[in-house]
Amino acid sequence: AENQMWGGRFSQGPAEIMEAINASIDIDKRLWREDIWGSKAHAAMLAEAGIISRADAEAILKGLDQVAAEIEGGTFTFSKALEDIHMNIEARLKELIGEPAGRLHTARSRNDQVATDFRLWCRAACEDAASGLGDLMAALSEKALENADAVMPGFTHLQTAQPVTLGHHLLAYVEMFSRDAGRFMDARERMNESPLGSAALAGTPFPIDRKTTAEALGFDRPCANSLDGVSSRDFALELLSAAAICATHLSRLAEEIVLWTSPQFGFASLSDAFSTGSSIMPQKRNPDAAELVRAKTGRITGSLNSLLTVMKALPLAYAKDLQEDKAATFEAVEALALALSAMTGMASDLKPNREAMREAAARGYSTATDLADWLVRELGLPFREAHHVTGRVVALAEKAGKRLDELTLADMQTVEPKITDDVFTVLSVEASAASRKAYGGTAPDNVRTQAQRWIAALKKG
Ligand code: ARG
């Protein structure tokens with residue numbers, strides 16, 4: 001059958017494969033709310049500007065409300081032959097109200113229509129991501145406050161480096177997630193311009209008022225250039241970039257949860273609610289949610305890569321390539337929402353094993369730097385020399401199979417005779433962590449202050 005939108009020029013319907021590759025309704029039906037919102041703003045403006053009659057506008061608005069009710073109620077039949085959400089809705093509107101439906105598309109094209117719908121959707125996605133991040137940050141800050149003085153090994157190269165506190169470690173992620181939320185909101189700010197009224201590409205000769213429609217849809221202003229309005233998707237790319245960076249942060253935390261909950265680390269455990277068992281190995285408790293958060297990053301970064309590749313070298317203005325923007329974006333945003341919620345759940349659920357963390361922190365000569373610092377402070381040694389002396393003390397301890405604080409004063413004095421008993425005050429992991437009081441350091445007092453600051457800031461919203 002010929003197409004009811006462009007049948008005038010056509011005498012034949014599409015090949016089956018043409019319809020199959022062209023139809024996007026299965027994906028873009030998610031834009032129905034935005035599409036109806038945009039159409040209502042457009043119809044009201046057309047009547048205001050005297051481009052269509054008030055009676056027609058009223059019929060259109062009422063009809064669109066009914067379409068919305070049908071979609072909401074699940075009675076709407078989506079048709080592949082009608083290609084996309086825009087034509088599905090318009091076709092149903094025509095069935096419902098007849099002739100006036102044909103006036104809705106005056107001074108508009110699907111090109112500016114879809115760009116408008118998609119911007120509205122991406123704008124909400126930015127807000128949702130930022131709010132999901134807020135929940136995650138709150139959960140992590142609470143856990144950090146509870147564990148402000150829980151000493152664990154800090155690593156570099158995944159080798160024991162210096163003692164830190166779990167609270168400090170968790171707050172490092174809160175800082176990252178806060179910047180992620182900022183990136184989503186920055187993207188939102190930049191994308192908040194209305195393409196509606198750009199029409200197909202060149203603008204329209206009708207005396208439309210783009211400011212009115214922009215305002216009705218909550219945009220800050222209309223896009224200043226119609227070609228840009230219909231052709232650019234950097235707003236979606238920014239959303240995806242923010243999502244990819246955020247997912248990368250999530251994957252690092254997820255990986256640490258996987259490590260910490262392994263029997264080899266034993267730093268923490270997840271309750272039954274966030275663990276899965278094995279169908280063959282009865283002893284297993286697997287951190288599947290953390291692994292899936294880690295893996296979702298692949299999908300999300302993949303979506304960014306996929307849209308960047310779609311956009312590369314695409315000539316202005318609209319090309320059907322642009323239809324591929326949505327699948328990638330929807331998939332990434334959905335995966336990110338899941339990952340954020342799962343991580344928030346795990347952050348609250350995670351139960352640290354303080355004893356095991358402390359024990360691990362005390363292994364690996366993690367307070368060697370504290371000894372070197374003591375030699376600098378108390379004996380006035382240059383740091384390089386203190387480093388050398390400490391290295392020899394560590395070698396001595398290693399040979400004796402002892403920890404630094406298990407060596408006797410006499411042992412240490414064989415390396416450096418001026419060392420006194422006072423040195424033992426800096427060799428415990430607690431003392432080491434507590435001494436790092438300079439701003440941004442891991443001292444429990446700092447961690448408490450920072451965690452409380454975050455909790456208060458997040459409550460204000
Ligand atoms: N489904 C299309 C998309 O998502 C809508 C715009 C179609 N415009 C066109 N000139 N074929 O991009």
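May I ask you to verify whether Ala148 is buried (at least 17 other Cβ atoms within 10 Å of the Cβ), within 29 Å of the chain's Cα centre (by Cα) and part of a loop (DSSP other than H, G, I, E, B)? Yes, satisfied.
When residues in the range 71-84 are screened for being in a helix (DSSP H, G or I) and closer than 20 Å to Met5 by Cβ, 4 of them pass.
As for the range 143-159, it holds no residue that is more than 16 Å from the ligand (Cβ to nearest atom), of a type outside the set (S, T, N, Q) and farther than 30 Å from Val426 by Cβ.
Hey, does the range 290-313 have a residue that's touching a strand residue (DSSP E or B) at 6+ places or on another chain (Cβ under 7 Å), surrounded by 15 or more Cβ atoms within 10 Å (Cβ to Cβ) and not acidic (Asp, Glu)? Scanning the range 290-313 turns up no residue that is touching a strand residue (DSSP E or B) at 6+ places or on another chain (Cβ under 7 Å), surrounded by 15 or more Cβ atoms within 10 Å (Cβ to Cβ) and not acidic (Asp, Glu).
Yes or no, residue by residue, for (1) within 25 Å of Asp228 (Cβ to Cβ); (2) within 37 Å of the chain's Cα centre (by Cα); (3) within 16 Å of the ligand (Cβ to nearest atom); (4) not in a loop (DSSP other than H, G, I, E, B):
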| site | (1), (2), (3), (4) |
| --- | --- |
| Ile21 | no, yes, yes, yes |
| Ile27 | yes, yes, yes, yes |
| Leu31 | yes, yes, yes, yes |
| Gly50 | no, no, no, no |
| Ile60 | no, no, no, yes |
| Ala69 | no, yes, no, yes |
| His86 | yes, yes, yes, yes |
| Thr106 | yes, no, no, no |
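Applying the criterion of being among the hydroxyl-bearing types (Ser, Thr, Tyr) and within 13 Å of the ligand (Cβ to nearest atom) to the residues of the range 299-355, the residue that is nearest to Ala129 (Cα to Cα) is Thr329.
Ala339 fulfils the conditions (1) touching a residue at least 40 places away in the same chain (Cβ under 8 Å); (2) surrounded by fewer than 17 Cβ atoms within 10 Å (Cβ to Cβ) except for a single criterion, (2). Of all residues in the range 1-60, those satisfying the criterion of being hydrophobic (A, V, I, L, M, F, W, C), free of Cβ contacts under 8 Å to residues at least 60 places away in the same chain and closer than 25 Å to Glu215 by Cβ are Trp32, Ile36, Ala47, Ile52, Ala55, Ala57, Ala59, Ile60.
Residues in the range 400-434 that are buried (at least 18 other Cβ atoms within 10 Å of the Cβ), of a type in the set (Ser, Thr, Tyr) and part of a helix (DSSP H, G or I): Ser432 alone. Asp405: modelled with pLDDT under 95 and either of a type outside the set (A, V, I, L, M) or in contact with a Leu (Cβ under 9 Å, 6 or more places away or on another chain) (or both), yes or no? Yes: the conditions hold for Asp405. Pairs linking a residue in the range 92-111 that is under 18 Å from Arg54 (Cα atoms) to a residue that is of a type in the set (Asp, Glu) and part of a helix (DSSP H, G or I), with Cβ atoms under 8 Å and 6 or more positions apart or on different chains, are Pro100/Asp56; Ala101/Glu90; Arg103/Asp56; Leu104/Glu90; His105/Glu90.
Screening Asp65, Asp56, Asp112 for residues that are among the acidic types (Asp, Glu), outside any loop (DSSP other than H, G, I, E, B) and either within 16 Å of the ligand (Cβ to nearest atom) or closer than 30 Å to Lys459 by Cβ (or both) leaves exactly one candidate, Asp112. The number of residues in the range 71-84 being in contact with an Asp or Glu (Cβ under 6 Å, 6 or more places away or on another chain) and within 14 Å of the ligand (Cβ to nearest atom) comes to 1. Only one of the listed residues (Leu133, Leu120, Leu170) is touching a Lys or Arg at 6+ places or on another chain (Cβ under 8 Å), more than 16 Å from Arg358 (Cβ to Cβ) and aliphatic (A, V, I, L, M). That residue is Leu170.
In the range 218-229, the residues that are without any contact (Cβ under 8 Å) to a residue 40 or more places away in the chain reach residues that are loosely packed, with under 15 Cβ neighbours inside 10 Å and aliphatic (A, V, I, L, M) with C-beta atoms within less than 9 angstrom, at least six apart or across chains, in these pairs: Asp228/Leu316. Considering the range 88-104, and only residues there that are within 16 Å of the ligand (Cβ to nearest atom) and among the hydrophobic types (A, V, I, L, M, F, W, C), the residue that is nearest to the chain's Cα centre (by Cα) turns out to be Ile89.
Is it true that some residue in the range 136-143 is buried (at least 18 other Cβ atoms within 10 Å of the Cβ), under 28 Å from Glu359 (Cβ atoms) and not small (Gly, Ala, Ser)? The answer is yes, given that some residue of the range 136-143 is buried (at least 18 other Cβ atoms within 10 Å of the Cβ), under 28 Å from Glu359 (Cβ atoms) and not small (Gly, Ala, Ser).
Being touching a residue at least 60 places away in the same chain (Cβ under 8 Å) and within 16 Å of the ligand (Cβ to nearest atom) is a description that applies to Phe118.
Working only within the range 121-133, note down all residues that are crowded, with 18+ Cβ neighbours inside 10 Å and more than 16 Å from the ligand (Cβ to nearest atom). Matches in the range 121-133: Arg123, Ala125, Cys126, Ala129, Ala130, Gly132, Leu133. Note on the range 213-247: among residues that are farther than 19 Å from Ala129 by Cα and of a type in the set (A, V, I, L, M), the one that is surrounded by the most Cβ atoms within 10 Å (Cβ to Cβ) is Val230.
The values are calculated or read from the model by the stated rules, or taken from the named source; none is laboratory data. Predicted, not measured: the structure shown is a model, and the values here were computed from it. Reconstructed Cβ throughout: ideal geometry from the backbone, glycine too, with neighbour counts over all protein chains shown.
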